[in-house]
Amino acid sequence: MTAFAATALATVASPAEVQAQACCAATGAGEFAVVGRCQSAVIGTQISAFRPTGTYSGEGDYRSLSNAEVDDFILSVGGGFRPFSPSWQVYGSVPMHLQYRAFAGEDGEVGVGLGDVAGGLRWTAFEDTMEGIVWDKPATLIPFVDVYIDALAPTGRAPDDSEKMTGADVTGGGFWQVAGGLKITKFLLPSHALTLNTTYTLPFAREVPQSSGTPIDFARGQALTVQFSYLYIHNLFWSWGLTSSVKVEGDARIDGAALSDSGSRRLRFGGHMTHEFGFPFWEASLSVMMDSVWQDGGSNIPYVGPAATVGLRRNFL
């Protein structure tokens, strides 16, 4: 065998290796606490940084932030396990926020605090063979299908409970909410997969005190998020992909009545990369996301801009 051929064989993964990486890798970008396909449990941490560059009005006008500095850092820890069946898992995460706000030349303020704690239950209804589509093998046409229910607890500080003029101490939405979703992943080839993930979110109303003395029941609008992702698995140790998502939120409600023109729309896109080391037990990831920053690319979003996330997971077989 020539030196060139030996090098080529050493650097190109076999189909079996690709399937092993696909099976043992994380389920996708942004799911650091979700147990991977062939794992029994996972613990992980990630840190995210968000530096807004602009804002969207209710009419869809994008305006860059001027005379303002906004910085958000979130450190999250979480994990999941399969309690009684390989098809089922429970998972959760706890975020801590570090935030800085400075507006119109005034002195900046720093806020630190616990964010909204999240948890969920997931069921894998169908499994892909990960061979890719082979037309004379009907079983290869079946995708991964995951059904999940998530919950969010208002453990962070809500906007109406802020004690800082800039809102730097606001670390949560202030609402209990539940979400149901469906995630479909199909391997077109052993190293190429597409994912469609849809989530419907229902926030519950909360009582908000008023200066008049009579509190109101306020609830954010119900929301639908659709995410589309592409994943390429290079070999046992490297994979990367692209992601785009759109979230549409309906009008907020006060005492059951809709608040006109309070809904929002947000479009995001980005990429992610995962590296396996100490395979299959350790995994590091990097993802970068960007909001739309053009006219009518969104609406009613206070801050939009780039965000980056670095994560580390310890997998258990």
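The values are calculated or read from the model by the stated rules, or taken from the named source; none is laboratory data. These numbers were taken from a predicted model, which means no experiment stands behind them. Glycine also receives a Cβ, built like all others from the backbone with ideal geometry; neighbour counts cover every protein chain displayed. Protein only, heavy atoms only, side chains kept; ligands, DNA and RNA dropped before computing areas. Shrake-Rupley method; radii C 1.70, N 1.55, O 1.52, S 1.80 Å.
Structural remarks
- Phi to ³J(HN,Hα) by Karplus 6.51 cos²θ - 1.76 cosθ + 1.60 over segment 76-87, Hz, x for Gly, Pro: 10, 10, x, x, x, 7, 9, x, 9, 7, x, 8
- Backbone phi angles across segment 134-148, fed through the Karplus curve with coefficients 6.51, -1.76 and 1.60 (θ = phi - 60°), yield HN-Hα couplings of 10, 5, 8, 10, x, 5, 6, 8, 7, x, 5, 10, 10, 10, 9 Hz in residue order; Gly and Pro are listed as x.
- With the charge dipole of the chain set up from +1 on Lys and Arg Cβ and -1 on Asp and Glu Cβ about the Cα centre, the Cα lying farthest toward the positive end among the listed residues Thr195, Met273, Thr129 is that of Thr129.
- Size of electric dipole in the chain: Cβ of Lys, Arg +1 and of Asp, Glu -1, about Cα centre, debye, nearest 20: 860 debye
- Peptides 91-101, 54-64 ordered by average Cβ neighbours within 10 Å, highest first: 91-101, 54-64
- Largest to smallest principal axis extent of the C-alpha atoms in segment 107-196, angstrom: 66, 27, 14
- Take each peptide in 163-171, 294-302, count the other Cβ atoms within 10 Å of every residue, and average; sorted highest first, the result is 163-171, 294-302.
- For segment 248-313 and segment 105-162, distance of Cα centres in Å: 12 Å
- 3J(HN,Hα) along segment 166-174: 8, x, 5, 8, 7, 10, x, x, x Hz, from the Karplus curve 6.51 cos²θ - 1.76 cosθ + 1.60 with θ = phi - 60°, whole Hz, x for Gly and Pro.
- Computed per residue of the chain from DSSP H runs no shorter than four, each worth -39500 (n - 2.57), the mean residue ellipticity at 222 nm is -1500 deg cm²/dmol.
- Taking the C-alpha atoms only, the angle from helix 15-24 to the longest principal axis of the chain is near 30 degrees.
- Isotropically averaged projected area of the chain, using the convex hull of Cα atoms (one quarter of hull area), nm²: 20.4 nm²
- Whichever lysines have a C-alpha closer than 22 Å to that of Lys137, once near sequence neighbours (fewer than 8 apart) are set aside: Lys186
- Percent accessible area from carbon and sulfur atoms, the chain, protein chains only, probe 1.4 Å: 65 percent
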